[in-house]
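Undergrad: Here you go, one structure.
The values are calculated or read from the model by the stated rules, or taken from the named source; none is laboratory data. Worth saying up front: this structure is predicted, and the values here are computed from it rather than measured. Neighbour counts are summed over all protein chains in view; Cβ atoms, including those assigned to glycine, are modelled from backbone coordinates with ideal geometry. The protein model used for the area step is the full one, side chains on, heavy atoms only, and it has no ligands, DNA or RNA in it. Shrake-Rupley method; radii C 1.70, N 1.55, O 1.52, S 1.80 Å.
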Amino acid sequence: GTQMDNTRQRAFTRLQRTLGQLRSGRYAESKVSRGATHPMLKLTEEVKSALSEDKPVVALESTIISHGMPYPQNVETARRVENMVRSNGAIPATIAILEGKIHVGLTPKQLETLGALGEKCRKCSRRDLALAVSQKANGATTVAATMYIASLAKIPVFVTGGIGGVHRGVEETLDISADLTELGRTSVAVLSFLLPKGERGRRKYRWRDRH
């Protein structure tokens, strides 16, 4: 609807602004030491070349593609975000698991496959990665999993639409997103554009600040 379109447009506008700051070097201090990446990762030639030449690379999650929007709108949106990253001088690295392989950067065909699979893909947090790989499954990465994989790939910056939080009734359910835990232990700069408001937001930031 109109409200969703307006929200998406605001997110794109914020992404454009942040990518401009990335290009200008504002996040240069967030660089991860560039050595060999993890042997289980499959990098596209574009991403591999950019990392070897010390060019800016931006990690992108894939859960929003598989579980956030219907096909083909999800693929169109993903391509638009990737093109926006490129237009600001960086290389996009959408992260996902296809047939048990952890991909850092997707080809157009792989992106289409991921979008068409939709919710048939597993929603993978960090804890789910080993099982998805061992079963040669298809998986879309959450914020937590994308952060972790980005760190293994030596990618210092990750852009996402939103981060999980501390959910209502947490006193009884202990329903706290793994995204918050990952923020405290993984050295990747995470740029999020849709932040929770009200009591949910206050719970989230209190928990994050204490951990």
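Okay, residues lined up against (1) farther than 25 Å from T186 by Cβ; (2) buried (at least 17 other Cβ atoms within 10 Å of the Cβ); (3) at pLDDT 95 or above:
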residue	(1), (2), (3)
M4	yes, no, no
A28	no, no, no
S62	no, yes, yes
A96	no, yes, yes
H103	no, yes, yes
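Undergrad: Quick one: which residue in A137, A132, A150, A144 is surrounded by 16 or more Cβ atoms within 10 Å (Cβ to Cβ), in a loop (DSSP other than H, G, I, E, B) and among the aliphatic types (A, V, I, L, M)? Step through it out loud before you land on a result.
TA: Details: A132 fails: in a loop (DSSP other than H, G, I, E, B); A150 fails: in a loop (DSSP other than H, G, I, E, B); A144 fails: in a loop (DSSP other than H, G, I, E, B).
That would be A137, the only listed residue that is surrounded by 16 or more Cβ atoms within 10 Å (Cβ to Cβ), in a loop (DSSP other than H, G, I, E, B) and among the aliphatic types (A, V, I, L, M).
Undergrad: Could you list all residues from region 53-98 that are among the charged types (D, E, K, R) and in a helix (DSSP H, G or I)?
TA: Start the filter on region 53-98 by keeping residues that are among the charged types (D, E, K, R), which leaves 53-55, 61, 76, 79-80, 82, 86.
Of everything in region 53-98, those that are among the charged types (D, E, K, R) and in a helix (DSSP H, G or I) turn out to be E76, R79, R80, E82, R86.
Undergrad: Test each condition in (1) hydrophobic (A, V, I, L, M, F, W, C); (2) open to solvent by 50 Å² or more (accessible area, probe 1.4 Å); (3) at pLDDT 95 or above for A36 and report the one that comes out false.
TA: Failed condition: (3).
Undergrad: To continue, here is another question. Among the residues of region 124-144, write down those that are under 21 Å from V75 (Cβ atoms) and at pLDDT below 95.
TA: T142, V143
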